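Colleague: Handing you a structure now.
The values are calculated or read from the model by the stated rules, or taken from the named source; none is laboratory data. Remember, predicted model here, so these are calculated numbers, not experimental data. Neighbour counts are summed over all protein chains in view; Cβ atoms, including those assigned to glycine, are modelled from backbone coordinates with ideal geometry. Just the protein is used for accessible areas: all its heavy atoms, side chains included, with ligands, DNA and RNA removed. Shrake-Rupley method; radii C 1.70, N 1.55, O 1.52, S 1.80 Å.
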Amino acid sequence: METGPEDPSRMPEASSPRRTPQNVPYQDLPHLVNADGQYLFCRYWKPAGTPRALVFVSHGAGEHCGRYDELAQMLRGLDLLVFAHDHVGHGQSEGERMVVSDFHVFVRDVLQHVDTIQKEHPRLPVFLLGHSMGGAIAILAAAEKPTLFSGMVLISPLVLANPESATTFKVLAAKVLNLVLPNLSLGPIDSSVLSRNKAEVDLYDSDPLICRAGLKVCFGIQLMNAVSRVERALPKLTLPFLLLQGSADRLCDSKGAYLLMDSARSQDKTLKLYEGAYHVLHKELPEVTKSVFHEINMWVSQRIPMAGATGTPP
Ligand code: XP7
């Protein structure tokens, strides 16, 4: 049977376009399709001229990449091409909210996105910037592809589970619970521990793209898997990194930052500790956040090719 051009069976996306959880058709938004066929919302911050390097931004649990707009704009100002996506189950990407079949899905999707953008810009150095859970994703991506990345910036990365929430008993209880009640909620995170900046806590509390529902047991299990994989990955790290950590962080303990400094084989590694600061250093008190932006700017500037350098002789 001949089918006309208007036949919806020939245009499945026209009859039932895939839509974000907020009901926006993906065809109107930058997006990618991951190896499981799930649509992920993407963002790109492109410099005016030829980019000097690429940076992938990896957001944390429950949040989305739109929260990195200011950091990304600062990096674009250094002529970097900054790109990101909302991880599966987050923001404007598909997937049940804050659920992932295996933590490696997050890592795999990042490597897919990096591969795509790198093919469009061959030979440019690639950097990672990750916060909290997004930092664990960055560490695992760098350990899996030891020559792919030229460096990474880690803002309070998830390296160790919070000592209060990861007692031997609680870990065992979570594993048992995961078999019978994987969707049980462990309770939401108290937003007041994110930052000492009240305005930033209010923005978090009112952001419709943030998932503030309690963390499910099955997601907690994947986070614990991530922590144990990160621990094994640390001795494989050889790339330069900048690590920023708040001393009063109650979500990702500063012990994790010290473990990362001690275990990574990287020659070029820098830790900057912010005395008294909480978890979200890029949205902390103005003096902290100003310094965070400055440190990242300086660190990246010193590790990318000079402006105008193409790497090819005239
Ligand atoms: C666990 C469990 C683990 C923003 C983020 C949000 C913090 C942490 C948050 C929980 C249960 C095992 C808004 C919480 C994981 C990492 C924040 C919980 C990022 N930053 N976290 O801007 O990613 O960890 F059983 Cl390890």
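Colleague: Can you find a residue that is within 10 Å of the ligand (Cβ to nearest atom), open to solvent by 10 Å² or more (accessible area, probe 1.4 Å), touching a Ser or Thr at 6+ places or on another chain (Cβ under 8 Å) and at pLDDT 95 or above anywhere in segment 235-243?
Modeller: no
Colleague: Of the conditions (1) in contact with a helix residue (DSSP H, G or I) (Cβ under 8 Å, 6 or more places away or on another chain); (2) within 30 Å of residue 95 (Cα to Cα), residue 263 fails just one. Which one is it?
Modeller: (2)
Colleague: Something else now. Just a yes or no: is a residue in segment 216-225 touching a residue at least 12 places away in the same chain (Cβ under 8 Å), surrounded by fewer than 22 Cβ atoms within 10 Å (Cβ to Cβ), under 25 Å from residue 100 (Cβ atoms) and in contact with a strand residue (DSSP E or B) (Cβ under 7 Å, 6 or more places away or on another chain)?
Modeller: So far as segment 216-225 goes, yes, one or more of its residues are touching a residue at least 12 places away in the same chain (Cβ under 8 Å), surrounded by fewer than 22 Cβ atoms within 10 Å (Cβ to Cβ), under 25 Å from residue 100 (Cβ atoms) and in contact with a strand residue (DSSP E or B) (Cβ under 7 Å, 6 or more places away or on another chain).
Colleague: Name the pairs: first residue in segment 33-52 and touching a residue at least 40 places away in the same chain (Cβ under 8 Å), second residue open to solvent by 40 Å² or more (accessible area, probe 1.4 Å) and part of a strand (DSSP E or B), Cβ to Cβ under 8 Å, at least 6 apart or on different chains?
Modeller: Every condition considered, the pairs that remain are 39/31; 39/33; 40/31; 40/33; 41/31; 42/31.
Colleague: Restricting the search to segment 133-162, which residues are out of contact with any helix residue (DSSP H, G or I) (no Cβ under 6 Å at 6 or more places or on another chain), open to solvent by 20 Å² or more (accessible area, probe 1.4 Å) and closer than 30 Å to residue 302 by Cβ?
Modeller: 144, 145, 146, 147, 148, 150
Colleague: For segment 179-192, what are the residues that are more than 9 Å from the ligand (Cβ to nearest atom) and either outside any helix (DSSP H, G or I) or at pLDDT 95 or above (or both)?
Modeller: Correct list: 181, 182, 183, 184, 185, 187, 188, 190, 192.
Colleague: Can residue 259 be described as in a helix (DSSP H, G or I), of a type in the set (A, V, I, L, M, F, W, C) and open to solvent by 40 Å² or more (accessible area, probe 1.4 Å)?
Modeller: Considered against the rule, which asks whether it is in a helix (DSSP H, G or I), of a type in the set (A, V, I, L, M, F, W, C) and open to solvent by 40 Å² or more (accessible area, probe 1.4 Å), residue 259 comes out as yes.
Colleague: Restricting attention to segment 217-227, does a residue exist that is part of a loop (DSSP other than H, G, I, E, B) and more than 9 Å from the ligand (Cβ to nearest atom)?
Modeller: no
Colleague: Taking segment 163-184 only, how many residues are in contact with a helix residue (DSSP H, G or I) (Cβ under 8 Å, 6 or more places away or on another chain) and either polar (S, T, N, Q) or open to solvent by less than 50 Å² (accessible area, probe 1.4 Å) (or both)?
Modeller: So the answer is 6.
Colleague: Examine segment 110-128 for a residue that is among the β-branched types (Val, Ile, Thr) and within 16 Å of the ligand (Cβ to nearest atom), and state whether such a residue exists.
Modeller: yes
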